[in-house]
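Colleague: Handing you this structure, nothing more for now.
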Amino acid sequence: MAIWILFIVVVPTVACNIEERVNVLEQEVRTQTLQIAFWEQDFATFKTNVAAALNGITQVDDQDQRPPSNNSMEHEDASQMGLDQIEGKLAQLSKAFIQQKEHLNKLADNVSRSFQPVVTEIEQKTSECENQISSFQHEVADMVAGQARYDKGLNDIETMMSQLHRFNYRLQETSTELQQNKLTVTTMEKNLHSLRNLITDAANKSNSMGQVSSDMKKREVAFSIGMNENSKKILDPWETIIFDRVITNIGNCYSKHTGTFTAPARGIYVFFVNILGYVDNNVIDFSGTSNANEFSLKQNNNNILWLSTQASFRQGTDSNFIVIELAHGDKIKVVKHGPWQHRPTNVHNSWSTFSGYMLFPVS
């Protein structure tokens, strides 16, 4: 920008000064040109006079070469007078020519002296202008290069703006997609919440099912036991009857070694007892009471069910069942009820059984 201002301010100023100086010189040259024109007219007149004088001299020479006549003296006098006039005229013309020449030389010197400072100044100003123009050209070249860089930067900016517009458009699309995704996420969250509720319900149901399954597993308790032929048949008072022929023992809660059932969990249980008692053939009493025997079902140490095999013949049977709530670990067994009735007490192995199962668990 500074170079432009310098160029705009300095160059027109120098040009105006040179133009004014040239105008003055042109006026002086026009004046000198008019003077030279006058001199040229005078010189032309001089040349004409000289040519006429030379012509007169030639004529005189021709007459001198003719033979002398009677009038030769007159002619010589006339010729002498013409030569004197010519010489005088020539002297005048020569003097005027020399004056004109000196004047012209002076004029040339004046013109040369007058133009020399202007020429020098013009040369200096021209050199300065050339230097300034050269510097300006360098600056212009730099400005052109800068303009090129500016144009390139502008193109880059336009490219970036175009990319920014595309990015902004993409951002708007992304924002729209984000809003849609938010709606989708909201819907998914609602669905997820519903799904979680379903999962919770399913888990609860699964827990319930697990509880039911566990309860079912707990309910998988059932047994039915008989007696082998070699089982003990003669019992002492309060002795446990060992039912050792396992028919069914789901849950393995009955021990054929101890004749005892152990409750695996709290629940409602059902038990069946069937006893066939008999007396020895050698001890027969048909009075009606001699072959009677009593048995009981014990829960831990308490009698909860009784049976009596009293009969009019030597063999008698009795069956009974009970529905009872047991706690975890309660013991159930069949025993000879006390020392009463007929002794020895015999239990028939083929007809006597002990069975039971869990009806349902109790929480």
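Read-outs: derived from the displayed coordinates by stated rules, not from any lab. Bear in mind that the values here come from a model prediction, so they are computed numbers and not experimental data. Positions of Cβ are generated from backbone atoms using ideal geometry, with glycine treated the same way; all protein chains shown enter the neighbour counts.
Colleague: Taking amide H positions as placed in the peptide plane 1.01 Å from N, state which residues far from Asp330 in sequence (5 or more) or on other chains have amide H under 5 Å from it.
Modeller: Close amide H contacts, sequence-distant or interchain: Ala263.
Colleague: Then there is this: Through the Karplus equation 6.51 cos²θ - 1.76 cosθ + 1.60, θ set to phi - 60°, convert the phi angles of the range 161-176 into ³J(HN,Hα) values in whole Hz; use x for Gly and Pro.
Modeller: 5, 4, 4, 5, 4, 4, 5, 4, 5, 5, 5, 4, 4, 5, 4, 4
Colleague: Separate question: Can you give the extra length, in nm with one decimal, that the chain gains between Ala145 and Met160 once fully stretched, where that is 0.36 nm per residue apart less the Cα-Cα distance?
Modeller: On the way: separation 15, 0.36 × 15 = 5.40 nm, distance 2.17 nm.
So the chain would gain 3.2 nm between Ala145 and Met160.
Colleague: Could you list Tyr357, Tyr254 so that the one with the fewest beta carbons within 10 Å of its beta carbon is first and the one with the most is last? List each step's numbers first, then the result.
Modeller: On the way: Tyr357 18, Tyr254 25.
Least crowded to most crowded, the residues run Tyr357, Tyr254.
Colleague: Take Ser352, Ser135, Ser296 and order them by how many other Cβ atoms sit within 10 Å, fewest up front. Can you show the working numbers first?
Modeller: Values: Ser352 23, Ser135 13, Ser296 20.
By the 10 Å Cβ count, ascending, the order reads Ser135, Ser296, Ser352.
Colleague: Output wanted: per-residue J couplings in Hz (rounded whole) for the range 348-356, from phi through Karplus 6.51 cos²θ - 1.76 cosθ + 1.60, θ = phi - 60°, x for Gly and Pro.
Modeller: 6, 6, 7, 10, 10, 9, 9, 9, x
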